Structures are given as structure tokens and as C-alpha cells.
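The values are calculated or read from the model by the stated rules, or taken from the named source; none is laboratory data. Just so you know, these numbers come straight off a predicted model, no measurement behind them. Here the Cβ is made from the backbone with ideal geometry for all residues, glycine too, and neighbour counts use every protein chain on show.
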Amino acid sequence: MSGERTDVFVIGGGPAGLALAIAARQRGLRVIVADRCAPGTDKACGEGLLPETLGALSRLGVQIPAALGEPIRGIRFVNGEQTVESGFPLGCGLGVPRTALHAILAERASGCGAELLWKTSVRGLEREGVALATKTVRARWVVAADGGNSAVRHWAGLGAESRPRRRFGFRRHYRVRPWTDRVEVYWGDDCQFYVSPVGPEMMCLALLSRSPELRIAEALPRIPALAARLGSATPLGKERGAMCATARLPHVFREHVALVGDASGGVDAITGQGLFLAFSQALALAKAFEAGDLARYEAAHRRLAQRPAVMARLLLALDGRPRLRRRVMQVFGDEPRLFARLLAAHVGVASPADCAVDSLRFGWRLATV
Ligand SMILES: Cc1cc2nc3c(=O)[nH]c(=O)nc-3n(C[C@H](O)[C@H](O)[C@H](O)COP(=O)(O)OP(=O)(O)OC[C@H]3O[C@@H](n4cnc5c(N)ncnc54)[C@H](O)[C@@H]3O)c2cc1C
């Protein structure tokens, strides 16, 4: 370790922690990141990067080589026989395996001069820094980027405002040539599959449900269209699971400790916006460090969370409500322009004001279909 003192100590070297390390180094701050795992960590994730997520990455100076992923040009919803889809109004997304994304972020963070301590657990917070197994490191700011189950959040006294809404995600890769350049969301009665192309011969399936027991092999037959698409494709690697909690925290900083990424309150994985939020929050937090004013970060964090939170509420309203889902899909099928508008709002290209007339039309159609 280069010293016992730093400007920023980041606890957790997942996407949020590494992004924060890069953003803080871009502003000339000294950064140490500690993660209890080894680099290249895998985690259950749908692995779809939306166009705006790539935009946030590019502000961090991170370009993902095209060869490491597969282009994603839009979103398709499939509900039994019903299908609606639209291309992204601007730009293209990318499906990238989580380990490849992690390796690129780690390389960039280390290349910008952040000190990365792998296999290093943080044991607790000290008055002026953090406690590692063998020593204390003093830091002007401490950042909790230790994920949805953040212990640091609790150590800092930054608990949840309300009981988080919890769902469970499982991810598995399949060896199969991608049949689509869209993220496909397959709706079942008690689960969804979020499917992204992530390689020339690889698709990523993420299962989302309220049950911690439901696994991909058990859920697949409930979605015959997806099971047929996969055919006899070989599953690759292990099935990985993670909890995804939708939580809003009253505060995302206290004194010299700030929260970023899933530790700062997550959004349901069905939105595909977790990584966008993590990267955008990291950029905003580094800016606040430079200004010496973490209240600015809290305000930016709140603004960033609004759109994904609305989208999560809308999408989760369809979970477990087959009749409503059929009607919504019928309206979108009859008027694909409305689905295109929803997607434009989802990826931040249309504002709520732009969508006002379409929302009224959607509401009217839904009531009369
Ligand atoms: C099933 C599923 C599908 C998803 N699909 C998508 C998608 O398609 N697109 C998208 O944008 N988002 C998606 N997300 C969300 C996205 O994966 C998360 O938002 C993202 O992983 C958050 O990153 P993070 O760095 O905040 O947390 P994490 O990735 O959880 O990283 C936290 C890190 O902290 C470390 N750590 C924890 N405690 C300590 C400690 N005490 N000391 C040191 N290190 C510690 C851990 O080892 C870990 O590396 C999905 C989520 C799930 C569950």
C-alpha cells in the first residue's frame, strides 16, 4: 500500500466502485479501492448496456471494444403470442459479459492511477478512515460501493427509508448464435426473462421473480417461446444468483461517508438501468468531492433515480397481472408508436412533457381496449 492516507477510500470494487475511482482520478484525487474478491468478478446480471450507459462509460474514458460484446439496437417484449418492439431512438447498446466489463473497468481505474487492493475486506469505519484486517487507512472521504446488501451503509447509519421491494435474479449463459439484436423481455405469470446477446455464439438469460427458489431450468418451460428459441443450446458456466432490491434511502451521505451504486438504493433489474445509475452517480459524486459539497451529490442522486424509479413502477405493475399485461400489450401492438415513445422515455431521449399527449392516449386506449 502506497501510504496510510488518501483522498478517497472506496469500499467495493464492483462497477460502481471502479467507476468512482476513475471519476475521482479524473479530478486529480488520490484513490484507494478495496474489494474482498479477486478481479474479474462475476455476478448475476442481464449484461445489457443501454445506449445511455455507454454514454456514461465514455465520460469515464471507457470504450468497450466492439469485439467484446454484441450490439443491442432496441427492446422487444414478448407475452405469450403477443410481441411489441422498438429500436432505440438514438445510438446503440451493447451486450457484454460481466467479467469482461469488470476487467475493462479495473484496467482503466488502475491505468488512471487508482490503487486497487483485491482480496481485501474492510472490517469497519473509523473516525477518519477505514479499518482493514491489519491497519487503518485515513481518508478524507469514504465511499460505500459494496452492493445492495451494503454493510457499510449500516455502519454509517444510512439505512433504508422503507422496506425495500425485493426480487431475485438468476443468470446463465447459453452457447447459441444470437437470434436477435434486441434485449428481449419474456413475460410469464410469476417471472420474467431478460435476454441479451453477449457474444457471437452466446446469449445471456436473466430470470427475475419474487421467489428465491425458482431457477432457470424450472422457469424456462413456463415461457415456451423462449424455450423453443433456445432449443438444445448448451448452458455455459454456473447459474449465478443475486437479489435485486428497489429501495430509496433518505440520505446518500453522512459526514465524510457517501454511498454509490446498489449500496445507495437500487432499482429493479427489469429496467436494465442499474449500471447506468452506478456510472452516472460516480461521475456526480466525484464532481461533488471536487466542490467539497456532498449535498450536491445527494441532489444529483435524487434526480438520476427519478426516471428509472418511474419505469420500475410501470413495469412491475405488469408482474403478476396477466389480464392487465394482455391489455397493455394489445394497446402497444395496435399503436407501436406508443411503445417507441415509452422506450424513448426509458432511455432519456423523451422528457415527461414530450410524453404527456401519448400518456393520455395510452390511458384512454387502455380503458377502452
Ligand atoms: C439478475 C440481475 C440482472 C441485472 N441486469 C442488468 C442489466 O442488464 N443492465 C444493467 O445496467 N444492470 C443490471 N443489473 C443491475 C446491476 O448488475 C447492478 O446495478 C450493479 O452490479 C451494481 O454494481 P455495484 O458496484 O453497485 O455493486 P456490486 O456489483 O454488487 O459490487 C459490490 C462489490 O463490493 C464488494 N464488497 C462487498 N462488501 C465488501 C467489504 N466489506 N469489503 C470489500 N469489498 C466488499 C463485493 O465483492 C463486490 O465486488 C442486474 C441485476 C441483477 C440482480
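At a glance:
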item: Residue in region 158-180 that is among the small types (Gly, Ala, Ser), within 15 Å of the ligand (Cβ to nearest atom), surrounded by 14 or more Cβ atoms within 10 Å (Cβ to Cβ) and not in a strand (DSSP E or B) present; result: no
item: Flag if residue 44 is in contact with a helix residue (DSSP H, G or I) (Cβ under 6 Å, 6 or more places away or on another chain), of a type outside the set (Phe, Trp, Tyr), buried (at least 17 other Cβ atoms within 10 Å of the Cβ) and not in a strand (DSSP E or B); result: no
item: Unmet requirement for residue 119, which otherwise passes all of (1) part of a loop (DSSP other than H, G, I, E, B); (2) of a type outside the set (Phe, Trp, Tyr); (3) crowded, with 22+ Cβ neighbours inside 10 Å; result: (3)
item: Residues of region 72-93 satisfying the condition of being among the small types (Gly, Ala, Ser) and more than 10 Å from residue 340 (Cα to Cα); result: 80, 91, 93
item: Residue under evaluation residue 192, criteria (1) closer than 22 Å to residue 266 by Cβ; (2) among the polar types (S, T, N, Q); (3) surrounded by fewer than 20 Cβ atoms within 10 Å (Cβ to Cβ), criterion not met; result: (3)
item: Members of region 334-347 found to be buried (at least 17 other Cβ atoms within 10 Å of the Cβ) and of a type outside the set (A, V, I, L, M), listed by number; result: 339, 341, 346
item: Qualifying residue in region 263-274 (condition: in contact with a helix residue (DSSP H, G or I) (Cβ under 8 Å, 6 or more places away or on another chain), assigned to a loop (DSSP other than H, G, I, E, B), within 8 Å of the ligand (Cβ to nearest atom) and not β-branched (Val, Ile, Thr)); result: yes
item: Residues of region 220-250 classified as assigned to a strand (DSSP E or B) and closer than 29 Å to residue 313 by Cβ, total; result: 8
item: For residue 133: the one exception among (1) within 13 Å of the ligand (Cβ to nearest atom); (2) of a type in the set (A, V, I, L, M, F, W, C); (3) surrounded by 22 or more Cβ atoms within 10 Å (Cβ to Cβ); (4) not in a strand (DSSP E or B); result: (3)
item: Subset of region 96-122 that is out of contact with any Leu (no Cβ under 8 Å at 6 or more places or on another chain) and free of Cβ contacts under 8 Å to residues at least 12 places away in the same chain - its residue that is nearest to residue 8 (Cα to Cα); result: 111
item: Matching option when the condition is touching a Ser or Thr at 6+ places or on another chain (Cβ under 6 Å), basic (Lys, Arg), over 18 Å from residue 76 (Cα atoms) and assigned by TED's automatic domain parsing to the domain that holds residue 229, among 210, 175, 215; result: 175
item: Residue satisfying condition, being on the phi > 0 side of the Ramachandran plot and either touching a helix residue (DSSP H, G or I) at 6+ places or on another chain (Cβ under 9 Å) or outside the structural domain of residue 252 (by TED's automatic domain parsing) (or both), within set 348, 333; result: 348
item: Region 297-338, residues that are in contact with a Lys or Arg (Cβ under 7 Å, 6 or more places away or on another chain) and modelled with pLDDT of 95 or more; result: none
item: Hits in region 32-67 - residues which are more than 6 Å from the ligand (Cβ to nearest atom), within 22 Å of residue 12 (Cβ to Cβ) and not β-branched (Val, Ile, Thr); result: 38, 39, 40, 42, 49, 56, 57, 59, 60, 61
item: Complete set of residues in region 201-254 that are crowded, with 17+ Cβ neighbours inside 10 Å and of a type in the set (Val, Ile, Thr); result: 216, 223, 246, 252
item: Residue 147 outside the structural domain of residue 223 (by TED's automatic domain parsing), away from the ligand (no atom under 14 Å from the Cβ) and either touching a residue at least 12 places away in the same chain (Cβ under 8 Å) or assigned to a loop (DSSP other than H, G, I, E, B) (or both); result: no
item: Some residue of region 310-317 being buried (at least 22 other Cβ atoms within 10 Å of the Cβ) and either touching a strand residue (DSSP E or B) at 6+ places or on another chain (Cβ under 9 Å) or assigned by TED's automatic domain parsing to the domain that holds residue 208 (or both); result: no
